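Undergrad: One structure is given below, represented as structure tokens, and several questions about it will come after.
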Amino acid sequence: MTDDKTGGSDYYVVRERALPEALRKAAKVKHLLDMNPHMTIQEAAEQVGISRSSFYKYKDDVYPFYDNTKGKTVTLVVQEMDELGFLSKLCSKISAYRANILTLHQSIPVNGIATITVSVEIREDTSDIMELIREIEAFPNVQYVKILAQEQTPG
């Protein structure tokens with residue numbers, strides 16, 4: 001659903017593989033410019049393989065997830081094959097990244113599958129949240145991890 005007055009004001013969180021190539025490349029140009037303050041837009045666009053005009057077309061519409069997570073609450077859904085001690089491993093991993101667990105709920109396992117919903121506060125000293133998600137996805141019994149929501153932390 002879009003808002004015709006603003007030209008589309010709804011926001012979505014999507015995996016990189018679902019984005020068209022032009023949007024992925026625009027995000028890469030932004031990252032290069034952030035990492036190399038003396039690089040010009042033309043240089044970054046050429047390095048990534050996108051035209052400067054395409055970058056300008058998409059630059060305000062695509063942001064890597066980690067760019068704006070500090071000071072926010074991120075809610076994850078983790079589906080895993082029920083494993084003794086999994087919640088402890090999950091909590092330890094989140095703690096290792098210095099994210100603050102706000103809520104945690106595990107469903108009763110059905111057919112050996114449990115769903116866990118965890119909301120974490122991303123603080124200034126929290127490590128890369130996307131790397132945390134990749135590490136959780138790499139646990140042997142995890143079937144998937146999805147970002148359910150991201151919102152500003154109250155206060």
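Undergrad: Taking 0.36 nm per residue of separation and subtracting the Cα-Cα distance, what length does fully extending Met35 through Lys146 add?
TA: Working: separation 111, 0.36 × 111 = 39.96 nm, distance 2.78 nm.
Here the answer is 37.2 nm.
Undergrad: Separate question: Using the basic label-point model (7 angstrom from Cα toward the beta carbon), what is the Cys91 to Gln79 distance in nanometres?
TA: That separation, rounded to one decimal, is 2.5 nm.
Undergrad: For the pair Arg98 and Asp60, what calculated FRET efficiency results from E = 1/(1 + (r/R0)^6), where r is the Cβ-Cβ distance and R0 = 30 Å, to the nearest 0.05? Numbers along the way, then the final one.
TA: Values: r = 31 Å, r/R0 = 1.02.
So, using R0 = 30 Å, E works out to roughly 0.45.
Undergrad: Leaving ligands, DNA and RNA out of it, work out the accessible area of Ile108 with a 1.4 Å probe and give it in Å² to the nearest 10.
TA: For Ile108, solvent-accessible area is about 140 Å².
Undergrad: Sticking with this one: Go from 0 up to the bin containing the longest alpha carbon distance in the stretch 55-149, width 5 Å each, and give me the % of pairs per bin.
TA: 3, 13, 24, 24, 15, 10, 6, 4, 2, 1, 0
Undergrad: Among Met130, Ala45, Gln79, whose Cα sits farthest toward the positive end of the charge dipole of the stretch 25-155 (+1 at Cβ of Lys/Arg, -1 at Cβ of Asp/Glu, about the Cα centre)?
TA: In the stretch 25-155, that residue is Ala45.
Undergrad: Using alpha-carbon positions, what is the distance between the centroids of the stretch 72-87 and the stretch 89-155, in Å?
TA: Taking the Cα centre of each part, the stretch 72-87 and the stretch 89-155 sit 6 Å apart.
Undergrad: Would you tell me the accessible area of Asp34, worked out with a 1.4 angstrom probe on the heavy atoms of the protein chains, in Å² to the nearest 10?
TA: Spelled out: Asp34, probe radius 1.4 Å, area about 100 Å².
Undergrad: Using a 7 Å offset from the Cα along the Cα-to-Cβ direction at both Met130 and Val110, what is the distance between the two label points in nm, to one decimal?
TA: 3.4 nm
Undergrad: For Leu19, what charge total do you get from the other residues with a beta carbon under 13 Å from its beta carbon, if Lys and Arg give +1 and Asp and Glu give -1? Before the final figure, lay out the partial values.
TA: Numbers: positive: Arg15, Arg17, Arg24, Lys25, Lys28; negative: Glu16, Glu21, Asp61.
Local charge sum for Leu19: +2.
Undergrad: Looking at this model, which pairs from Lys89/Lys146; Lys25/Lys57; Lys25/Lys93; Lys30/Lys57; Lys72/Lys146; Lys72/Lys93 are more than 23 angstrom apart at the alpha-carbon?
TA: Numbers: Lys89/Lys146 18 Å; Lys25/Lys57 12 Å; Lys25/Lys93 31 Å; Lys30/Lys57 13 Å; Lys72/Lys146 17 Å; Lys72/Lys93 19 Å.
Distance filter (> 23 Å) returns Lys25/Lys93.
Undergrad: When averaged across all projection directions, what area in nm² does the alpha-carbon convex hull of the stretch 81-133 cover? Could you put the intermediate results ahead of the total?
TA: On the way: hull surface 14.7 nm².
Over all viewing directions, the stretch 81-133 projects a mean Cα-hull area of 3.7 nm².
Undergrad: Now, a different point. In square angstrom, rounded to the nearest 10, how much accessible surface does Lys59 have for a 1.4 Å probe?
TA: Lys59 has an accessible surface of roughly 60 Å² with all protein chains in place.
The values are calculated or read from the model by the stated rules, or taken from the named source; none is laboratory data. Since the model is a prediction, treat every value here as computed from it, not as a measurement. FYI the Cβ positions are ideal-geometry reconstructions off the backbone, even for glycines, and counts take in every protein chain you see. Surface areas here come from the heavy atoms of the whole protein model, side chains and all, with no ligands, DNA or RNA. Shrake-Rupley method; radii C 1.70, N 1.55, O 1.52, S 1.80 Å.
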